[in-house]
Amino acid sequence: MPEGKNRAVVLGASMAGLLTAAVLSRTYDSVTLVERDVLPTSPAHRRGVPQSRHTHALLASGVRQLEEFLPGLADEAVAAGAHQGDLLGNIRWIINGHRLRRMDIGQPMLFCGRHLLEDLVRTRVRALPGVEFADGRDVIELTATADRRRVTGVRVGAQGAEDQALTADLVVDTTGRASRMPRWLTDLGYEPAPVERMAVDVGYSTRRYRFPEGFLGEDRLVLLGWTPDNPRAAGMVALEDGTHFVTLAGLLGDHPPTDPDEFTDFAETLQFPDVIDAMRAGEPLDDPVAFRYPANVRHHYEQVRDFPDGLLVLGDAVCAFNPLYGQGMTSAALQAAALGRVLADGGKPDWRTYFKAAAAAVNDAWDITTASDLVFPGVPGKRTPRVRVINAYLARLHAAAETDPSLSEAFVRVTGLIAPPQSLLRPDRAVKVLLHGGRSVGPGPRTGVPTPEKVRP
Ligand SMILES: Cc1cc2nc3c(=O)[nH]c(=O)nc-3n(C[C@H](O)[C@H](O)[C@H](O)COP(=O)(O)OP(=O)(O)OC[C@H]3O[C@@H](n4cnc5c(N)ncnc54)[C@H](O)[C@@H]3O)c2cc1C
């Protein structure tokens, strides 16, 4: 391992770790990514990222950010089979019981399996100057100076080998939802960050299908959201090999089953027929696999009063969202960009400045997720007057967006994290929403092949 004076160690080499390494490689002589899994050298599922077996969407802001970190990545993804498309033109959005009106809005998106995307990013990061991987190694604990004011590295273990100490000027924890940082901080004599937790008890079940050629028209992703009346949702994404993931989801313990027949029964109960129609027309290629997601969790590191120098946290280890809103990878990218700005400003990152910047980068995503989940009476949490008003307004906006593509566009830009939530309240939009009255024009075309004439304005 290089022993550069200016050395960073990143814990975890999933999406947050890889993007962090890309940013750190600009200012650190060496960056070592420590990863528990032995990393594959081609697109493959792995134990530490079980979510790759489920529909993953990279939000529009994430696409932009990845391209900024690793220019040319989108082209490489397309060359590897990923599909390109437009945020509104090629995604079938059925939100809150309303089929949003469609048009191209010039926001490029990428659609593929999560394992392909991670492989492409990993390959690019591996080639960056000073970056190396220490995979097949488990992070055991942090090491620190005698007074515990500064983290000096980590101790790592590998099967059949002695534990090893890695020294570092900076350690960044990107070990995800199960990060042991609260425990490590306690061991060093620090208070863990205050945690906000919203129990949503989401279940996912995913099966890969082959659909008849062109069955989904030009749609690369179908998003069928849940409603308070029917807390069941689904996503279907085009994969790089011409197949699709069909993911069914249920909130508050109403989990989709993994038995193939029951999986189909569950899809029958969705509010719109798009998913069951595609499943009936298609051929399943494997058995469903499940994932359970208990809660939205945010560690408020920006609120800690004391913290060791030389240590930062990023990605799901800071903030993990209900996966249905597809915000995790983009949120990691936005936090990595925040870290990049802090490094560009001052060289060595100060934890106070970084945690403040990272919190600002995830605030919108957190607000969107938690406000959306609070629509469900069974989700515990404080429904402030602001949240109630916003949710009532959004319900009307979704209804109005069935016929008004400018409102669809405004909504997907916010959901894609390229426009702030307050942009939905712009006076011209608010007038349209309030005048609309919330009436629905009905479920819209019943799929099969939705021709552009049917689904576009
Ligand atoms: C079912 C599901 C669906 C999702 N869908 C989407 C989506 O559509 N769009 C989206 O943007 N996001 C989605 N996400 C979230 C997204 O997967 C994550 O936000 C993203 O992977 C970034 O997470 P991360 O890198 O912080 O952590 P993770 O992806 O959890 O990775 C943590 C890494 O750390 C390693 N690790 C853990 N502990 C140790 C240790 N002690 N030592 C060494 N290594 C360790 C793990 O092996 C792993 O590689 C979804 C998540 C789930 C669960």
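The values are calculated or read from the model by the stated rules, or taken from the named source; none is laboratory data. As the structure is a computational prediction, the values presented were derived from the model and not from experiment. So basically every Cβ, Gly included, is an ideal-geometry build from the backbone, and we count neighbours across all protein chains shown. Keep in mind that these areas ignore ligands, DNA and RNA; they rest on the heavy atoms of the full protein, side chains included. Shrake-Rupley method; radii C 1.70, N 1.55, O 1.52, S 1.80 Å.
Computed quantities for the displayed model
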{"quantity": "Calculated P(r) tail over 20 Å for segment 31-122, as whole % of Cα pairs", "calculated": "45 percent"}
{"quantity": "Exposure rank, largest accessible area first [ASP345, ASP265, ASP86; 1.4 Å]", "calculated": "ASP345, ASP265, ASP86"}
{"quantity": "Phi to ³J(HN,Hα) by Karplus 6.51 cos²θ - 1.76 cosθ + 1.60 over segment 22-37, Hz, x for Gly, Pro", "calculated": "4, 5, 5, 5, 6, 10, 9, 5, 9, 10, 10, 9, 9, 9, 5, 6"}
{"quantity": "Linear extension gain, TYR393 paired with ASN6, 0.36 nm per residue minus alpha-carbon span", "calculated": "134.2 nm"}
{"quantity": "Degrees, to the nearest 10: 405-415 long Cα axis against longest axis of the chain", "calculated": "20 degrees"}
{"quantity": "Distance-filtered residues of segment 138-172 - backbone nitrogen under 19 Å, label point 7 angstrom along ARG26 Cα→Cβ", "calculated": "170-172"}
{"quantity": "Solvent exposure ordering (accessible area, 1.4 Å, most first) of PHE111, PHE291", "calculated": "PHE291, PHE111"}
{"quantity": "Label-to-label distance, nm, for residues given as SER406 and SER440 (7 Å Cα→Cβ offset)", "calculated": "2.5 nm"}
{"quantity": "Approximate spin-label separation THR186-ALA127, in nm, with each point projected 7 Å along Cα-to-Cβ", "calculated": "4.5 nm"}
{"quantity": "Square roots of 5 times each gyration tensor eigenvalue, C-alpha, the chain, largest first, Å", "calculated": "38, 24, 20"}
{"quantity": "Span from the segment 71-142 Cα centroid across to the segment 231-256 one, whole angstrom", "calculated": "18 Å"}
{"quantity": "Cα point-scatterer Debye curve for segment 70-158, base-10 log of I(q)/I(0) at q = 0.23 Å⁻¹", "calculated": "-1.14"}
{"quantity": "Under 17 Å from the THR167 label point (7 Å along Cα→beta-carbon), backbone N, segment 20-49", "calculated": "29-32"}
{"quantity": "Residue-level accessible surface for HIS98, protein heavy atoms, 1.4 Å, Å²", "calculated": "20 Å²"}
{"quantity": "Where LYS432, LYS356 fall by accessible area, highest first, once all protein chains stay in place (1.4 Å)", "calculated": "LYS356, LYS432"}
{"quantity": "Solvent accessible area, Å² - TYR325, 1.4 Å probe, full protein context", "calculated": "40 Å²"}
{"quantity": "Separation of the VAL195 and ALA281 label points, Cα + 7 Å toward Cβ, nm", "calculated": "4.5 nm"}
{"quantity": "Percent carbon-and-sulfur accessible area, the chain, ignoring ligands, DNA and RNA, probe 1.4 Å", "calculated": "51 percent"}
{"quantity": "Accessible area in square angstrom per residue, segment 72-159, 1.4 angstrom probe", "calculated": "38 Å²"}
{"quantity": "Computed E for HIS300/VAL38 - FRET, C-beta separation, R0 25 angstrom, nearest 0.05", "calculated": "0.15"}
{"quantity": "Rounded to the nearest 10 Å², the accessible area of LEU435 at probe 1.4 Å", "calculated": "140 Å²"}
{"quantity": "Aspartates and glutamates with Cα under 14 Å of LYS382, excluding same-chain neighbours fewer than 8 positions away", "calculated": "GLU196, ASP367, ASP373"}
